[in-house]
Amino acid sequence: MFHSARIKLTLWYLLIIMAISVLFSLIIYRVQSNEPERVLLRQRTLIERGGFLRPGFGPPELEPEILEEARRRLMLNLILINLGVLIISGGAAYFLAGRTLEPIEEALEDQKRFVADASHELRTPLTTMKTGLEVNLRGKALGQEAKKILESNLEEVDKLGYLSDKLLHLSRYEQKEGLSFTSISLKEALEEAIEKHTALAKSKKIEIVRNLEEVTIQGDFAALAEAFGTMLDNAVKYSPKESKVNVDLQSKDGKAAVIIQDFGVGIKASEIPHIFARFYRADTSRTKEKIAGFGLGLSIAKAAIEKHHGKIEVVSTPGASSTFTVTLPTA
Ligand SMILES: Nc1ncnc2c1ncn2[C@@H]1O[C@H](COP(=O)(O)OP(=O)(O)O)[C@@H](O)[C@H]1O
Ligand SMILES: [Mg+2]
């Protein structure tokens, strides 16, 4: 992100410098190309006034070729100077653009680190609360009313724990050094994601049909498994009971493609550009109220996939199906 911003800023700086340089060159050319004629005229008047004319010779004339050559040379010099300005200011502009963006980049990294630290700090108290609630819930002396309240509290604590985990992952994947790359099997990452969601799929009698090739890439296993898990989770969550989810993994021409297709509520075309934004939840259906989630899953998945120089795309027909495709370079 910052690299393309740096290039853009460099081009803007260059554009301004070159516009000024070319403008001045044009002015210099206009003024200087008439200079030989002016000098000659002045010389003539001097000679005529002083009566220095040698017998048989008229006042000096300017040869058109000499004048042309002088103009050509002037033009060439100006072009060379402009080329020099272009090269030197190109380097300087790139350097300055880097210096300009540095504090902004640092501030952004700082902010991400803050979110990561804050969510990390939230974990301990949340775990303590969760344990406390669970222990209390097991107590026999609890009244029906108190039990209900504790159960509801436990649910909220779980949600908060999930949220702080997700925020931690999001900020980590968006940071410069957030992932550790090794040689991993995409098939295994997908299988792990599928394992984690079989219980949910079973509860809705949804069949997960897999068709997985063996593909190895350089990547972060946990981050990719989480991204695939998010897509699977959505596929199952936003599908009706007794439907099907297809999971495909193929590799071709140095690229691996993970395709997750469901036959659920689908996503409206107008909402597709937003579903990868943080905290965005499409107004998919009336059942949405009942479907848990914070709208963070896809933004985290996207951040992780982009860190692998891959991309995530979606094609959907509302009311019929959604197909998410992740493309990752295998080389
Ligand atoms: N397979 C899908 N079918 C229908 N809608 C989907 C699907 N996947 C994602 N969406 C839409 O995109 C939104 C964002 O997804 P996500 O970031 O995973 O958040 P969450 O699942 O927590 O709502 C969801 O709220 C949902 O509206
Ligand atoms: Mg989700």
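If we scan region 179-189, do we find a residue that is open to solvent by 70 Å² or more (accessible area, probe 1.4 Å) and more than 31 Å from the chain's Cα centre (by Cα)? Scanning region 179-189, I find no residue that is open to solvent by 70 Å² or more (accessible area, probe 1.4 Å) and more than 31 Å from the chain's Cα centre (by Cα), so the answer is no. Has region 274-288 got any residue that is surrounded by fewer than 17 Cβ atoms within 10 Å (Cβ to Cβ), more than 20 Å from the chain's Cα centre (by Cα) and away from ligand 1 (no atom under 12 Å from the Cβ)? Yes, region 274-288 contains a residue that is surrounded by fewer than 17 Cβ atoms within 10 Å (Cβ to Cβ), more than 20 Å from the chain's Cα centre (by Cα) and away from ligand 1 (no atom under 12 Å from the Cβ).
Here is a check on your reading of the model: is residue 245 more than 25 Å from the chain's Cα centre (by Cα) and within 16 Å of ligand 2 (Cβ to nearest atom)? Full working, then the answer.
Numbers: more than 25 Å from the chain's Cα centre (by Cα): yes; within 16 Å of ligand 2 (Cβ to nearest atom): yes.
It is true that residue 245 is more than 25 Å from the chain's Cα centre (by Cα) and within 16 Å of ligand 2 (Cβ to nearest atom).
Assess whether residue 307 counts as being more than 19 Å from residue 236 (Cβ to Cβ), at pLDDT 95 or above and within 24 Å of the chain's Cα centre (by Cα).
On the way: more than 19 Å from residue 236 (Cβ to Cβ): yes; at pLDDT 95 or above: no; within 24 Å of the chain's Cα centre (by Cα): yes.
Spelling it out, it is not the case that residue 307 is more than 19 Å from residue 236 (Cβ to Cβ), at pLDDT 95 or above and within 24 Å of the chain's Cα centre (by Cα).
Say we look at region 24-75 and pick out the residues that are modelled with pLDDT of 80 or more and in contact with a Pro (Cβ under 7 Å, 6 or more places away or on another chain); which of these is most open to solvent (accessible area, probe 1.4 Å)? Selected residue: 43.
Going through (1) in contact (Cβ under 8 Å) with a residue 24 or more places away in the chain; (2) closer than 19 Å to residue 301 by Cα one by one, residue 183 falls short only on (2).
Put simply, of 310, 319, 254, 264 the only residue that is more than 16 Å from ligand 2 (Cβ to nearest atom) and buried (at least 17 other Cβ atoms within 10 Å of the Cβ) is 310.
Please count how many residues of region 190-240 are basic (Lys, Arg) and away from ligand 1 (no atom under 15 Å from the Cβ). Talk me through it step by step, then tell me what you get.
So the first thing to find is which residues in region 190-240 are basic (Lys, Arg), and the list is 196, 202, 204-205, 210, 237.
When the remaining residues are screened for being away from ligand 1 (no atom under 15 Å from the Cβ), the result is 202, 205, 210.
So the count comes out to 3.
Going by what's in this entry, would residue 196 be described as without any contact (Cβ under 8 Å) to a residue 40 or more places away in the chain, within 20 Å of residue 304 (Cα to Cα), open to solvent by 50 Å² or more (accessible area, probe 1.4 Å) and among the basic types (Lys, Arg)? First the steps, then the outcome.
Values: without any contact (Cβ under 8 Å) to a residue 40 or more places away in the chain: yes; within 20 Å of residue 304 (Cα to Cα): yes; open to solvent by 50 Å² or more (accessible area, probe 1.4 Å): yes; among the basic types (Lys, Arg): yes.
When the stated conditions are applied, residue 196 passes them.
Of all residues in region 115-144, those that are touching a residue at least 24 places away in the same chain (Cβ under 8 Å) have Cβ atoms under 6 Å from Cβ atoms of residues that are surrounded by 13 or more Cβ atoms within 10 Å (Cβ to Cβ) and of a type in the set (D, E, K, R), 6 or more apart or on another chain, in 116/172. A count restricted to region 199-235 and to residues that are within 15 Å of ligand 2 (Cβ to nearest atom), over 19 Å from residue 299 (Cβ atoms) and open to solvent by less than 10 Å² (accessible area, probe 1.4 Å) stands at 1.
The values are calculated or read from the model by the stated rules, or taken from the named source; none is laboratory data. Being a predicted model, the structure only gives us computed values, none of them experimental. All Cβ positions, glycine included, derive from the backbone under ideal geometry; neighbour counts span all protein chains shown. Protein only, heavy atoms only, side chains kept; ligands, DNA and RNA dropped before computing areas. Shrake-Rupley method; radii C 1.70, N 1.55, O 1.52, S 1.80 Å.
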